[in-house]
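Below is one structure, written out as structure tokens; the observations come after it.
Read-outs throughout are calculated quantities, based only on the coordinates presented, and are distinct from any laboratory measurement. All values reported here derive from a predicted model rather than from experimental measurement. So basically every Cβ, Gly included, is an ideal-geometry build from the backbone, and we count neighbours across all protein chains shown.
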Amino acid sequence: MATKRPKILPGTPREAGWSFPAEWERHSGTWFSWPRPEGISFPDKYHTVPANIAAIVKEIAPRELVHINVPNGNYERIVGEQLLAGGVKKGDLGQRVRFHHIPTNEAWCRDHGPAFLTRKARGKTQLSIVDWGFNAWGGKYPPWDADDAVPTRIAELMAAGDASIEGKCEGLWLPRVDGAPVVMEGGSVEFDGRGTVLTSEACLLHKNRNSRLSKRQIERALCDWYGQERVLWLGEGIVGDDTDGHIDDLARFLDARTIATTVEPDTRDANHEILADNLRRLRLMKDADGRPYDIVELPMPGRVVHDGQRLPATYANFLYVNGALLVPTYRDKRNDAATLAILQRFHGKTRKVVGIDCFELIWGLGSIHCLTQQQPASG
């Protein structure tokens, strides 16, 4: 398909009535970037990871489209074989699971993928894409040029009318402050669907992303380019998190009035005080109507260690898909089951809570939410 340049939209999304929707709203699909054996995310364990990702795809495909970025047709064939070996139905390949020849450096589509915004116009839901700058979590893992290009590449496919992607993209936003691109990762921000962004000081105020910007300027950029009204801040991230404290390891909205947050009751654990401080902050926060949030506490899994390194295993790295909530588990019989029960009680019969073993995947320092980026339904 010929490349077609997407329209660069003027002004800011907030000015034009666009916003980033809550994750639990209806999707048309979920995007992945398939990891490469030569990538840096899974040293000496890549052979264990495709089956783990296939288990996630297997749960999503019956509920919504799955889009997978691969470098070329050869990779498409290999990944297709890996998905089939992991239990994905053969009939879903090419139908429910669709490949796109978009090269990437690493697999973490939450952070480098497109941030889809929506707005209502003439009775229909429109889509646009924000293309934030990406620098591999503060310049830690070069090269990152292919990852940084992913949102624009997807916008080009949509602008060219790629029939495998449902929905038309109205155009592309390029966030700038004083002419320079704003660096942002999708895992660093969380949304309630009513104009609130939840994030962490450890990540967004770190000097390795936007060293020239003050806290107030970062808040303004979040509101302007995600179409939001206010920003709430937590503090530090969990031990082992190489992203400097992404919010999707710490606390997540379950609805506009309820926040699930991770807690560690063991005072000897290095995460205890970090998470206790975040819990104190959450209890002081108010929702969009000025009421205290309802807080749902989730346990932390037992320590997950590989090659002497403690990994950032957390149940907060869950993903909403149509009709379900996909929750990472870590072979902790007590806390895996307890977390799934807590989240199922909250959602009742409205949404199925599904646990997916991510014990191998977490060696890449990320889990289900880190791998994925949702595309809202449009039309």
Distance between the range 335-351 and the range 153-210 - C-alpha centres, whole angstrom: 30
Sorted largest first, extent of the chain alpha carbons per principal axis (Å): 58, 47, 43
Label zone at Glu229 (point 7 Å along Cα-to-Cβ), backbone N below 16 Å, the range 254-287: 256-258, 286-287
Relative contact order computed over the chain (Cα-Cα under 8 Å; 6+ residues apart), in percent: 22
The range 185-302 - convex hull of alpha carbons, volume per residue in Å³: 100
Unit charges on C-beta of K, R, D, E only; dipole of the range 27-376, Debye: 1060
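Quickly rank 371-379, 119-127, 311-319 as a protection proxy: mean count of other C-beta atoms within 10 Å, highest first. Each step should come with its number before you reach the end.
Details: 371-379: 21.9, 119-127: 13.2, 311-319: 25.8.
Averaged packing, sorted descending, gives the order 311-319, 371-379, 119-127.
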Most fluctuating residue given options Ala149, Ala276, Ala22, as computed from a GNM of the chain linking Cα atoms under 10 Å: Ala276
Estimated inter-spin distance, Lys120 and Asp44, nm [label 7 Å along Cα→Cβ]: 5.6
Gain upon complete extension [Ala341, Leu284; 0.36 nm per residue less C-alpha separation]: 17.9 nm
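For Leu174 and Arg257 in the same chain, what is the full-extension length gain: residue separation times 0.36 nm, less their Cα-Cα distance, in nm?
Details: separation 83, 0.36 × 83 = 29.88 nm, distance 3.10 nm.
Length gained, Leu174 through Arg257: 26.8 nm.
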